[in-house]
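Structure first, then comments.
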Amino acid sequence: MTDAAVSLLVERGIAGMTLSEIGKRSGYSRGLVTHHFGSKAGLLAHVHDSVAAEWLRRVQELVGESTGVEALQRVTDALLNFMIEEPNELRAMYLLRYASIDPSAEYRANVARVNRAHIRALAAWVEEGQGNGEIITDIDPRLAAELFASAIDGLLYRWLVSPDIPIAELQAILRRYVRQSLTAP
């Protein structure tokens, strides 16, 4: 059902995706989809959380024991890999994330929770880099994390709107800027 929802989100958007169509596409009835997720909002929250969990798994796998600049650079590597390997999942997740700014989006809390988790992880890597002398100490780790996450979100937005942008080259530049701007002398 999740795969059917991702496909429909990418093809038709949130308004064009129905529980009935998800049931048809996944080989189940609308009633079973409703029983499993409760509502369309429940399904949207599930799709967002499922793709976000896969994103976090990929980041954690690639970052491993790295900290500081290397950890942040590996996050950009994970992003590029996810864009190449699972573009529809990423499109669906960001469609839901951007739509969550609507005050009536019932899954808004899910998106906010995932965002907070991302910032905590990024800030921890910055703090660890500061602790080992790799990252400059006159920067607030949380602010650095917010700025880094904003750069990632902006890059994703640009790619979603204009898929033909030179994403690999932009990722390489972001990777270099992270090192140049955060590395302690």
Exercise for review: Output yes when any residue across the stretch 97-112 is surrounded by 14 or more Cβ atoms within 10 Å (Cβ to Cβ), of a type outside the set (Lys, Arg), more than 17 Å from residue 76 (Cα to Cα) and over 19 Å from the mean Cα position of the chain (by Cα), and no when none is.
Suggested key: no
Point to revise | Hits in the stretch 5-24 - residues which are farther than 11 Å from residue 92 by Cβ and crowded, with 16+ Cβ neighbours inside 10 Å | key: 19, 21, 22, 23
Revision key, fill the gap. For residue 161, the lone unmet condition from (1) loosely packed, with under 15 Cβ neighbours inside 10 Å; (2) farther than 25 Å from residue 46 by Cα is (2)
Check your understanding: Is there a residue in the stretch 112-133 that is farther than 20 Å from residue 7 by Cα and part of a loop (DSSP other than H, G, I, E, B)?
Key -> yes
Check your understanding: Given 36, 48, which one is out of contact with any strand residue (DSSP E or B) (no Cβ under 7 Å at 6 or more places or on another chain) and farther than 30 Å from residue 128 by Cα?
Key -> 36
**Study point:** Positions within the stretch 58-72 being over 23 Å from residue 98 (Cα atoms) and surrounded by fewer than 19 Cβ atoms within 10 Å (Cβ to Cβ), in sequence order
**Key:** 60, 61, 62, 64, 65, 66, 70
Review point. With 155, 170 as the choices, which residue is closer than 27 Å to residue 86 by Cα and in contact (Cβ under 8 Å) with a residue 60 or more places away in the chain?
Key: 155
Check your understanding: With respect to residue 2, is the statement that it is touching a residue at least 24 places away in the same chain (Cβ under 8 Å) and not charged (D, E, K, R) true?
Key -> yes
Review point. Looking only at residues in the stretch 37-57 that are of a type outside the set (S, T, N, Q) and exposed (fewer than 15 other Cβ atoms within 10 Å of the Cβ), which one is farthest from residue 87 (Cα to Cα)?
Key: 38
Point to revise | Options 75, 59, 69; residue that is more than 21 Å from residue 7 (Cα to Cα), touching a strand residue (DSSP E or B) at 6+ places or on another chain (Cβ under 9 Å), in a helix (DSSP H, G or I) and not charged (D, E, K, R) | key: 69
Check your understanding: Looking at 146, 127, which is the one that is closer than 30 Å to residue 42 by Cα and not aliphatic (A, V, I, L, M)?
Key -> 146
Point to revise | residue 43, sole failed condition from (1) farther than 21 Å from residue 174 by Cβ; (2) assigned to a loop (DSSP other than H, G, I, E, B) | key: (2)
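Since every read-out is calculated from the coordinates, none of them should be taken as a lab result. Keep in mind that what you see is a predicted model, and the values were worked out from it rather than measured. Cβ sites come from the backbone with ideal geometry, for glycine too, and all protein chains shown count toward neighbours.
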